[in-house]
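Data block below; observations after.
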Amino acid sequence: MSGESGSKPMYEKIFEELRDQIIERKYGVGDRVPSEKELGDEHGVSRITSKKALEMLATEGYIVRQPGRGSFVAEPQQKLAAKAVNGTGQQLGQPRHTGGKLLIGLVITDFADSYGTALIYGMEEASRANDSYLVLRRSFGIPAYEEQAIQGLLELGVDGLIIFPAQGEYFNAEILKLAIMKFPFVLIDRHLKGISAGSISTDNAKAAIEGTNYLFRLGHKSIAFLTPPPMDTTAIEERIEGFIQAHAESGIMVDRELWIEDITSSLPQGNAEENRVRDVEKIASHLREYPQITAIFATEYNIAQLAQRAANELGLKVPEDLSIICFDSPEINGAFPLTHMKQNQLEIGRIAFENVLKLRAGETLPNKTLLDATLMLGKSTGPMKLREPK
């Protein structure tokens, strides 16, 4: 096709052609359709014309447009009309299966005493209070496992989903499909860029500011910041943002040379002793190279443990020679060995579960719900003391 003459405007012809291809399943649900430029080049029309065709498809419910990512196939309009608002094909609030009880699926990377277990407790308590059940599947931070878990739980007939997304730059296609189909789901711990989905998490930036300011009050200025690669993981990005903001507000220069941003053994897929040994040596070498470091802010409890091991190898005492603070820490014998920012995991879990039920009931929820963390003093922080090079 070329030109814009004929009985119909070109944008209508492009619209009808793409619409028919979607109905005939040349493009399946969640597939990306050609961009404005690609359609313009293919049909010899301006981008204004191809843009109008895509806008018509979006208006009719055939595609969902994601800024910066492209346009993706939604369910055909005639199917959407046959479905309830929650996208399950059932009446709102009614179970999808014959058992009579609501089943809510949970996809989580992994869980431990330091983080994750209390989240599940909160969800399970909420499920009991609402005469429902929680079904769990771990993804170990592997996107392919996450996709399989979502698919499997949907096949099982769950009535909603709670998802702790795997770390990575892009959300997977299954999450996009859930958003397109308006299936009731919420995210925990982080939110995904470019997708409209409710999330419940800690106010990570605020918590990082509070933890950093506590180190400042103890006299620490040369603070090493230890983190896994951010990889567009919003929780880590927000903790970095808070750490930097605390420095700016206190008029203290941020020294990025003191940071280590590639700790990988704390990631679910890197959980192996040989990886931990490698990261401990990396931290120990870093402390030898920068003897001015008097404190460490670790974004995760497992990383703080690595820092303790590195300090032991160097003969440094915690907190006399080196203070350590992190996010989350298990309670041991009624005390916290590490000073940390404690996330309200029980409440996050409870809200996540109840928000899925609210979505099933047709309620509109905020995109982001942020909860405060609490500074818990442990045995790993003390007044700043300059240390000698090792």
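Below is a table of values for the structure above.
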{"read-out": "Environment charge at Ala208 (Cβ cut-off 11 Å; Lys +1, Arg +1, Asp -1, Glu -1)", "value": "-3"}
{"read-out": "Among Gly315, Leu226, Leu371 - extreme Cα towards positive end, dipole of the chain, charges at beta-carbon", "value": "Leu371"}
{"read-out": "Beta bridges per DSSP with both ends in the chain, % antiparallel, nearest 5", "value": "25"}
{"read-out": "GNM result for the chain, Cα springs below 10 Å: residue of Ala373, Ala74, Ala311 fluctuating most strongly", "value": "Ala311"}
{"read-out": "Accessible area, probe 1.4 Å, largest first, for residues Lys385, Lys182", "value": "Lys182, Lys385"}
{"read-out": "Test item: Cα-centred dipole of the chain, Lys/Arg +1 and Asp/Glu -1 on Cβ, debye", "value": "440"}
{"read-out": "Exposure ranking of Ile283, Ile332 by accessible area [1.4 Å probe, largest first]", "value": "Ile332, Ile283"}
{"read-out": "Which of Tyr145, Tyr133, Tyr290 is most accessible, then next, and so on - probe 1.4 Å", "value": "Tyr133, Tyr145, Tyr290"}
{"read-out": "DSSP bridge pairs, the range 244-341: antiparallel proportion in percent, nearest 5", "value": "10"}
{"read-out": "FRET E, pair Ala248, Asp372, Förster distance 30 Å, beta-carbon r, rounded to 0.05", "value": "0.90"}
{"read-out": "Accessible surface of the chain, 1.4 Å probe, proportion on carbon and sulfur as whole %", "value": "49"}
{"read-out": "Cα-projected label distance for Tyr290 with Glu261, points at 7 Å along beta-carbon direction, nm", "value": "1.2"}
{"read-out": "Inter-centroid distance (Cα atoms) of the range 127-204 relative to the range 346-390, Å", "value": "18"}
{"read-out": "Within the range 281-390: Cβ-based charge dipole about Cα centre, in debye rounded to nearest 20 (Lys, Arg +1; Asp, Glu -1)", "value": "60"}
{"read-out": "Projected label distance in nm at Arg217 and Leu314, using a 7 Å step from Cα toward the beta-carbon", "value": "2.6"}
{"read-out": "Lys/Arg +1, Asp/Glu -1 at C-beta; the chain dipole; positive extreme among Ser127, Thr339, Ala144", "value": "Ser127"}
{"read-out": "Relative contact order (percent, whole number), the range 304-390, Cα cutoff 8 Å, 6+ residue spacing", "value": "38"}
{"read-out": "Simple Cβ-charge dipole of the range 324-365, Lys/Arg +1 and Asp/Glu -1, about Cα centre, in debye nearest 20", "value": "120"}
{"read-out": "Distance (nanometres) between label positions extended 7 Å along Cα→Cβ at Phe336 and Asp41", "value": "5.5"}
{"read-out": "Relative contact order [Cα under 8 Å, 6+ residues apart], the chain, whole percent", "value": "17"}
{"read-out": "Residue-averaged [θ]222 nm for the chain, counting only DSSP H segments that reach four residues, each worth -39500 (n - 2.57)", "value": "-12500 deg cm²/dmol"}
{"read-out": "Net charge of neighbours whose Cβ lies under 15 Å from the Cβ of Arg138, counting Lys and Arg as +1 and Asp and Glu as -1", "value": "-3"}
{"read-out": "Mean separation of Cα contacts under 8 Å, 6 or more apart, over the residue count of the range 124-259: relative contact order %", "value": "19"}
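The values are calculated or read from the model by the stated rules, or taken from the named source; none is laboratory data. Being a predicted model, the structure only gives us computed values, none of them experimental. All Cβ positions, even for glycine, are placed from backbone atoms using ideal geometry, and neighbour counts span all protein chains on display. To get the accessible areas, we keep the full protein, side chains included, count just its heavy atoms, and leave off ligands, DNA and RNA. Shrake-Rupley method; radii C 1.70, N 1.55, O 1.52, S 1.80 Å.
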